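The structure appears right after this line, and notes come after that.
The values are calculated or read from the model by the stated rules, or taken from the named source; none is laboratory data. A quick note: this is a predicted structure, and the numbers were derived from the prediction, not measured. We place every Cβ from the backbone using ideal geometry, glycine too, and count neighbours over all the protein chains shown. For accessibility, only protein heavy atoms count, side chains too; no ligands or nucleic acids. Shrake-Rupley method; radii C 1.70, N 1.55, O 1.52, S 1.80 Å.
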Amino acid sequence: MTQVSKTMVTRPDDTASSRPDAGRARSGVRRVGEAVALYAPVLMLVVLVIVASVLNDRFWAPENLRNMLTQNSALALVAFGMTLVIIAGVFDLSVGAIFAAGSVIFAMLSNEVLLLPAALITVVVGALAGAVNAYVVNSLRVNSFIGTLATGAVFSGLVYILCDSSPVQARREGFETLGLGRIAGVPCALIVAVAAFGLCAALLNGTIFGRYVFAVGGNAAAAHLTGVPVRAVRAACFVLVGALAALGGMITGSQLGLGQPTLGSNIALDAFAVVVIGGTSVYGGRGALWRTASAVLVLATLTNIFNALAWDTTRQSVAKGLIIIAAVALDAARSRSDHA
Amino acid sequence: MSVRLSNIGKRYGATRALNGVDLTLTGGRVHALVGENGAGKSTCLGIIGGRTVPSTGEIELDGERVTFASPAHAASNGVVSIYQELSVIPSMSVLHNVFLGSEPRRTRWTDDSAAMRTAYAQVASRIGADIDPDVEVGSLSVGDQQMVEIMRALSRRPRVMLMDEPTAALGPRERQALYGVIAGLRDEGVVVAFVSHNLEEVLGVSDDISVFRDGELCGSGPSDQWSRDSLMSAMIGHPPQVDLRGTSASPKPRKELLRVDGLSGGRVEDVSLDVRAGEIVGIAGLVGSGRSTLLRLIAGAQRPTTGRWQLDGVKQPWPSSVRSARRQGIVYLTEDRKAQGILPESTTAENIVLGRLGPVARRGIVTRRSVRDHADVAGRQVGFATTRLSTNIGALSGGNQQKALLARVLHAKPRLILADEPTRGVDVGAKDEISRALRDIADRGGSVMMVSSEYEELAENCDRVLVMWHGTVVAELRGPDIGVDTMVKLSFGTEGLT
Ligand SMILES: Nc1ncnc2c1ncn2[C@@H]1O[C@H](COP(=O)(O)OP(=O)(O)OP(=O)(O)O)[C@@H](O)[C@H]1O
Ligand SMILES: [Mg+2]
């Protein structure tokens, strides 16, 4: 402290000297590794499709493909919504209950009013359920994992009360169109899923809202300090996934011809699996919708293979669980290397 | 343009962070806020910037009373902040970080990416930053992340610019550029307030200086009426004691502790060095020159691609983790205390003893009392106020968190400390205490390697300084050769002597 220097303010501004790497291009090996991680779901899909073609000589039959896609459309809807929620750094475990609610409410309403209003009201109910989740997480400051687990239990209970714990037979003609109908040979369910994909992808990648979703998941405190409306962004994600889950439930209900309160017990786990296999980080802030979409196809093909091998659902469940663990471990390894 | 605070106060439970502050900030003048750690500077800026809600008092902007509900609300009124702790989104690109929350819009829903890039080029050239707008912010050095934060604030066209220790993470060149920007803002009539612990900087840059002590404003006036000494006395409440520490005697040749050969990894390319027992080795260099990477490699926090390791003259494999380096007595202090240092929900005492619980536990049981006692011993060495040990560390001011982390390092009884910016954000008095603590360790045969952007600090503390440039060590200075100007020149690579 003896030498009082003024160098801090009199240093020459040497802008001529070359500047050390600000964000130097990564080494080739690392880039290849990253590309593999980025396209992992697509690579997986290619491999599985080859396997499936070998095991199942009817794999490429239009009927088989159509079935595969129709059966997984509902899952895709939930997974797309879930992708946004997880990128925003929160979870929604109540989607299963909202899914079941979608099927039950749609069936009940369609017995009373025309299909279109019934469908619209059901989607709005799903969105409202999402708004309840948003309230619990934002305003009551409950951790989203616990909060949506609890709201899920509430929603599920309400659905059982609503339908008196028994399936609701749908009587209106055309009820099954949404799930099983076709327009110009293309399944309606698939059309809905593709439209939802388009909507979510446009939101996530094309809008400022989408940027905010990434920001909130990347670092909520920093996002708040920067002026991002953190709560509103999260709320929008919850509402969106709620609406999509209800729509998914409607599709599955329509395929079964009834409203089923037990539906959707696996949908949260499956959607979660798909999102994670798609490489969306469970830590928030990173992810992409097209990779979730590829992962839906991965899961669809996998199920197809299991069926070709004549595996029962119990074995399928074990296999799926293991695959999820592998995908999450991969994610953890990747984010560890980020911190290294 | 002006900002007027009257009777501003803030309480956190029993803590009075700020009390009855009356202060006017005027456009066209640069106002510096100084004070010891925990004096209330950040709280004051936080209240103006909408981050913190005051318990008492009111704020007027151009004579009109305002209450800001959030930082966003303040920003929409032209009040823009740069926070003491980094508040960037690591997983997003530089470009999107800079314009987050204020993106140029094409429609209500979409942004105008061409306009964004043009604006980025402008703001980057204004501050002389050469950062690729498309890389992820998380891959940048802390200094460059700070530059991103400054660009973000500038791009919002502030009428009031509040900067909390903006230079603490910057290298000499970036600092210089920031001073230029501050002068530019002043000439535009912007209200500029900034916090710094570097009193030379404060005296050189500001037009007015306000001194905070224990949450109160205890002096305010034009800079030319202040001197370093009068600032110090105002800050600590009594005249500063004369520093009795003699300049360290020329280092006696001591035993080699660690020798590293051909070390490469990350930004570091082929570095060889040795550290002797009882020696303080400084590392100088610009932001991005590989200083931090070098420490992280040695600390086991990052894997080298090549490198030979010799401890106490014995060849050994490179430590594979921070843990294995610690087992050999090598302890690392991170430069990013918020993300990698503190456990915000634990008490300060717990934070300090973490990492070496062995001696704290009695028959395997860790009592609150023994935690406190051990933390107290370590805390004293760095001038940490004993009374704050049971506070959650997250509620401490930035500088006090830094002291606690240093205490944690000392508690680990290391043979070699690898300290990255050990005194960043620490007040002048504590800086001396930390210097003394490091010297103590060296006198007792321990060793220190420290990175610092404040070359005065290196000059005062180090027996030897290695200057890095582009990932290599370009010069080694000893004893009397260690001069601030020499280090600056060498850092720019203009005199590559090797
Ligand atoms: N969130 C909080 N909860 C409780 N106490 C707090 C909180 N934030 C700040 N404080 C207390 O308020 C006082 C003032 O803190 P502040 O951060 O304003 O200090 P500072 O002058 O900026 O110090 P530094 O130089 O270390 O950054 C400190 O005693 C601190 O412990
Ligand atoms: Mg502060």
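Details
- Computed over chain A, relative contact order equals 32 percent, with contacts defined as Cα pairs under 8 Å that lie 6+ residues apart.
- Beta bridges assigned by DSSP with both partners in region B:89-220 are antiparallel in approximately 55 percent of cases.
- Per-residue packing, averaged as other Cβ atoms within 10 Å, sorts the ranges B:380-390, B:466-476 into the order B:466-476, B:380-390, beginning with the highest.
- HN-Hα J in Hz across region A:133-149 - Karplus 6.51, -1.76, 1.60, θ = phi - 60°, x for Gly and Pro: 4, 4, 4, 4, 6, 7, 8, 8, 6, 8, 3, 4, 4, 5, x, 6, 4
- Nonlocal amide H pairs with B:Met468, under 5 Å, H built at 1.01 Å: B:Ala284, B:Gly285, B:Val474
- Net charge, A:Ser156 excluded, C-beta distance under 15 Å - Lys, Arg +1, Asp, Glu -1: -2
- Relative contact order of region B:339-413, pairs being alpha-carbon contacts under 8 Å that are 6 or more residues apart, as %: 46 percent
- For q = 0.09, 0.10 Å⁻¹, Debye-computed log10 I/I(0) when each Cα of the protein assembly as shown counts as one equal scatterer: -0.96, -1.12
- Sulfur and carbon atoms: percent of accessible area, chain A [1.4 Å]: 67 percent
- Pairwise centroid distance, computed over Cα atoms, of region B:158-177 with region B:64-104, Å: 16 Å
- Neighbouring partner chain Cβ atoms per residue of B:465-475, average, 10 Å criterion: 1
- Amide proton proximity set for B:Asp336, modelled H, under 5 Å, gap of 5+: none
- Candidates per trypsin sites (Lys or Arg not before Pro) in region B:403-498, loop by DSSP, up to 10 other Cβ within 10 Å: B:Arg444
- Close amide H contacts of A:Ser281 (hydrogens built in the peptide plane, cut-off under 5 Å, sequence separation of 5 or more or a different chain): A:Arg286, A:Gly287.
- Under 14 Å from the Cα of B:Lys255 - aspartates and glutamates, other chains or at least 8 residues apart: B:Asp274, B:Glu279, B:Asp312, B:Asp443
- Exercise: per-residue mean of other protein chain Cβ atoms within 10 Å, B:100-108: 4
- Å² of accessible area per residue within the protein assembly as shown, as computed with a 1.4 Å probe and no ligands counted: 42 Å²
- Shown in residue order for region A:109-114 are the 3J(HN,Hα) couplings computed by the Karplus curve 6.51 cos²θ - 1.76 cosθ + 1.60 at θ = phi - 60°: 5, 5, 6, 9, 10, 5 Hz (x for Gly and Pro).
- In chain B, the longest principal axis of the Cα atoms and the axis of helix B:172-187 are about 10 degrees apart.
- Antiparallel bridges, percent of DSSP beta bridges restricted to the protein assembly as shown (to nearest 5): 60 percent
- Relative contact order (percent, whole number), chain B, Cα cutoff 8 Å, 6+ residue spacing: 15 percent
- Highest-fluctuation residue, A:Ala74, A:Ala134, A:Ala232 considered, GNM on chain A with Cα pairs under 10 Å: A:Ala232
- Region B:339-413 - percent of accessible surface contributed by carbon and sulfur, probe 1.4 Å: 52 percent
- Positive-end residue of B:Leu170, B:Val148, B:Pro222, charge dipole of region B:2-236 with Cβ unit charges: B:Val148
- Phi to ³J(HN,Hα) by Karplus 6.51 cos²θ - 1.76 cosθ + 1.60 over region A:214-220, Hz, x for Gly, Pro: 5, 5, 5, x, x, 5, 4
- Cα gyration tensor shape of region B:1-92, rounded if a/c is under 1.5, else prolate or oblate by comparing a/b with b/c: rounded
- Region A:147-200 versus region B:425-482: alpha-carbon centroid distance in Å: 67 Å
- With 28 Å as the limit on Cα-Cα distance, the pairs of B:Lys10/B:Lys413; B:Lys315/B:Lys489; B:Lys403/B:Lys489; B:Lys431/B:Lys489; B:Lys41/B:Lys431; B:Lys41/B:Lys413 that go past it are B:Lys10/B:Lys413; B:Lys315/B:Lys489; B:Lys403/B:Lys489; B:Lys41/B:Lys413.
- For region B:2-236, DSSP calls about 55 percent of its internal beta bridges antiparallel.
- On association of chains B and A, roughly 4700 Å² of accessible area becomes buried (total for both chains; probe 1.4 Å).
- Folded to 0 to 90 degrees: helix A:188-201 orientation relative to chain A principal axis, Cα: 20 degrees
- Each part reduced to its alpha carbon centroid, region A:276-331 and region B:106-125 end up 38 Å apart.
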